[in-house]
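The values are calculated or read from the model by the stated rules, or taken from the named source; none is laboratory data. Bear in mind the structure is a predicted one, so any value in this text is a computation, not a measurement. As a convention, Cβ positions derive from the backbone with ideal geometry for all residues, glycine included, and neighbour counts pool all protein chains shown. Just so you know, the surface numbers come from the protein's heavy atoms only, side chains and all, with ligands and any DNA or RNA stripped out. Shrake-Rupley method; radii C 1.70, N 1.55, O 1.52, S 1.80 Å.
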Amino acid sequence: MINTVTVKSADQTMAIGQKLAQYLKPQDLILLDGDLGAGKTTFTKGLAKGLGIDRPIKSPTFTIIREYQDGRIPLYHMDVYRLEEGGADDLGLEEYFNGDGVNVVEWSKFVADELPNQYLRIIFRRDDSKGDNVRTLTFEAKGERFEKMIREVLADQS
């Protein structure tokens, strides 16, 4: 199942993440793909807010994984861009994916072999011809639970 929505601000991007957070449970996997500066971390900030995490959310580009334990459920935010040349085996991703929190993975193509069968993938595309903050978000749900989730989250989006 694939759905697309256009957002015109960082606030709209965060609001979708915040709404999605209401439906998430431990072991859920959200994949965020798209160009640099397309809104992946902005989306994660909204998701964290929706989970009740008050700490600042930073891109985990150099640390690879940032853990936030202080919300309704833990959030594990991963940026695996630096694993383009390999090395995912050493991270113990399976432990995170089967653990107690929500997993958000940026640049998922670099760990494609490690991913479970069910997840929600969101592709972020900048559309600078329509404005500085205009983004197209494409939601690809793999699994019935994520399909239902996206129908509900995007029900009131234009």
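For the chain, the longest principal axis of the alpha carbon atoms and the long axis of helix 10-21 meet at an angle near 60°.
Given the rule -39500 (n - 2.57) for each run of at least 4 DSSP H residues, summed and divided by the residues of the chain, what is its mean residue ellipticity at 222 nm, to the nearest 500 deg cm²/dmol?
It lands at -7000 deg cm²/dmol.
Near Gly34, the amide H atoms lying under 5 Å from its own belong to Trp107, Phe124; only residues 5 or more places off or on other chains count, and H is placed 1.01 Å from N.
Considering the chain as a Gaussian network with a 10 Å cut-off on Cα pairs, which listed residue, Asp113, Asp28, Asp127, attains the greatest mean-square fluctuation? Answer for the Gaussian network model of the chain: Asp113. Rounded, prolate or oblate: pick one for the chain, where a ≥ b ≥ c are the square roots of the eigenvalues of its C-alpha gyration tensor, a/c under 1.5 means rounded, and failing that, prolate if a/b is larger than b/c, else oblate. Rounded. Just to confirm a number: summing +1 for Lys and Arg and -1 for Asp and Glu over residues other than Leu154 whose beta-carbon lies under 12 angstrom from that of Leu154, what do you get? Local charge sum for Leu154: 0. Name the residue, out of Ser108, Ser59, Ser129, whose mean-square fluctuation peaks in a Gaussian network model built on the chain with Cα pairs under 10 Å. Looking only at Ser108, Ser59, Ser129, the biggest GNM fluctuation is shown by Ser129. Considering only DSSP beta bridges where both residues belong to the chain, give the percentage that are antiparallel (nearest 5). Of all bridge pairs located within the chain, approximately 55 percent are antiparallel. Computed from phi, the 3J(HN,Hα) profile of region 137-149 under the Karplus parametrisation 6.51, -1.76, 1.60 (θ = phi - 60°) reads 10, 10, 9, 10, 8, 10, x, 4, 4, 6, 4, 5, 4 Hz, with x in place of Gly and Pro. In this structure the chain gives 52 Å² per residue of accessible area when probed at 1.4 Å with all protein chains present. Relative contact order, whole percent, for the chain stands at 33, derived from Cα pairs under 8 Å and 6 or more residues apart. From the square roots a ≥ b ≥ c of the eigenvalues of the alpha-carbon gyration tensor of region 89-158, which class results: rounded (a/c under 1.5), prolate (a/b over b/c), or oblate? Because a/c hits 1.5 or more and a/b fails to exceed b/c, region 89-158 counts as oblate. Build a GNM of the chain with springs between Cα atoms under 10 Å: which of Lys58, Lys40, Lys49 gets the top mean-square fluctuation? Maximum among the listed residues: Lys58. Ligands, DNA and RNA left out, the accessible area of the chain computed with a 1.4 Å probe is 42% carbon and sulfur.
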